[in-house]
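Peer 1: Here it is: the structure, laid out below.
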Amino acid sequence: MKKYIPYAYSESLFEIDPDFFKKIGIKYIICDLDNTLDSHKQEIPSDRTREYLELLKKNNLIPIVISNNTKKRVDKYCECLNLLYIPRAGKPFTKNTRKFLKTNSINQDECIMIGDQLMTDIKCANKIGIKSILTENVVNSDQLVTKRNKLFDKPKRNKLKKQKLLINWRTIYGRVK
């Protein structure tokens with residue numbers, strides 16, 4: 001189960017205060033696209049997503065979008081955001097994400113990955129050795145592949161909850177000096 005334990009938990013990415021990231025030494029926020037930022041049906045960023053990403057930027061934080069989805073899907077979504085992004089990341093495999101970090105001279109100690117799936121997002125982050133935050137879905141619908149992953153995700157998530165291993169980001173924030 002260790003490979004599925006996130007650094008922190010949040011109902012939603014959008015509730016996380018940017019100051020939290022700064023307090024824990026984070027500069028790069030790597031955000032999963034589908035069902036973390038927006039629905040997989042959302043072709044362009046919602047106003048809520050745009051506003052939150054702008055808030056991160058105003059706080060000298062660098063958001064990066066990551067997705068296992070196609071380059072076409074991620075390009076279209078990200079083209080108006082003026083952000084770095086990783087399409088076809090292949091999570092939970094780490095090759096493409098590690099290559100991206102190296103190519104862009106990004107120190108993994110300054111990164112956090114945020115996503116809605118233990119099986120892909122959290123496992124990938126843990127394999128790379130970066131902090132992670134598990135969120136709930138922004139919508140209840142999923143793509144077919146994701147639905148299959150969620151069959152494995154739900155029991156693991158419940159076990160982590162039962163063992164009190166999903167620590168809310170606010171709890172960690174209160175402990176950080």
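Peer 1: What single numbered condition from (1) in a loop (DSSP other than H, G, I, E, B); (2) touching a residue at least 60 places away in the same chain (Cβ under 8 Å) fails to hold for I30?
Peer 2: In the conditions (1) in a loop (DSSP other than H, G, I, E, B); (2) touching a residue at least 60 places away in the same chain (Cβ under 8 Å), I30 misses (1) alone.
Peer 1: From the list L53, L81, exactly one residue is under 22 Å from T103 (Cβ atoms) and either of a type in the set (D, E) or at pLDDT below 95 (or both). Which is it? So that I can check it myself, show each step before the final result.
Peer 2: On the way: L53 fails: either of a type in the set (D, E) or at pLDDT below 95 (or both).
Just a single option satisfies the conditions, and that option is L81.
Peer 1: A further question follows. Out of N69, N96, N60, N82, I need the residue that is closer than 25 Å to K127 by Cβ and assigned to a loop (DSSP other than H, G, I, E, B). Which one? Spell out how you get there, then give the answer.
Peer 2: Numbers: N96 fails: assigned to a loop (DSSP other than H, G, I, E, B); N60 fails: closer than 25 Å to K127 by Cβ; N82 fails: closer than 25 Å to K127 by Cβ.
Going through N69, N96, N60, N82 in turn, just one is closer than 25 Å to K127 by Cβ and assigned to a loop (DSSP other than H, G, I, E, B): N69.
Peer 1: Given the structure, is S39 among the small types (G, A, S), at pLDDT 95 or above and surrounded by fewer than 18 Cβ atoms within 10 Å (Cβ to Cβ)?
Peer 2: On the way: among the small types (G, A, S): yes; at pLDDT 95 or above: no; surrounded by fewer than 18 Cβ atoms within 10 Å (Cβ to Cβ): yes.
In short, no.
Peer 1: For the stretch 1-17, which residues satisfy the criterion of being assigned to a helix (DSSP H, G or I) and out of contact with any Phe, Trp or Tyr (no Cβ under 9 Å at 6 or more places or on another chain)?
Peer 2: Keep residues of the stretch 1-17 that are assigned to a helix (DSSP H, G or I), which gives 2-4, 13-15.
Result: K2, K3, Y4.
Peer 1: Inside the stretch 101-137, can you point out the residues that are in contact with a Ser or Thr (Cβ under 9 Å, 6 or more places away or on another chain), aliphatic (A, V, I, L, M) and part of a helix (DSSP H, G or I)?
Peer 2: Matches in the stretch 101-137: I122, A125, I128.
Peer 1: Right, something else. Select from the stretch 104-115 the residues that are surrounded by fewer than 24 Cβ atoms within 10 Å (Cβ to Cβ) and in contact with an Asp or Glu (Cβ under 8 Å, 6 or more places away or on another chain) and list them in ascending order.
Peer 2: None - no residue of the stretch 104-115 is surrounded by fewer than 24 Cβ atoms within 10 Å (Cβ to Cβ) and in contact with an Asp or Glu (Cβ under 8 Å, 6 or more places away or on another chain), so the list stays empty.
The values are calculated or read from the model by the stated rules, or taken from the named source; none is laboratory data. Small disclaimer: the values here were computed from a predicted structure and weren't measured. Glycine also receives a Cβ, built like all others from the backbone with ideal geometry; neighbour counts cover every protein chain displayed.
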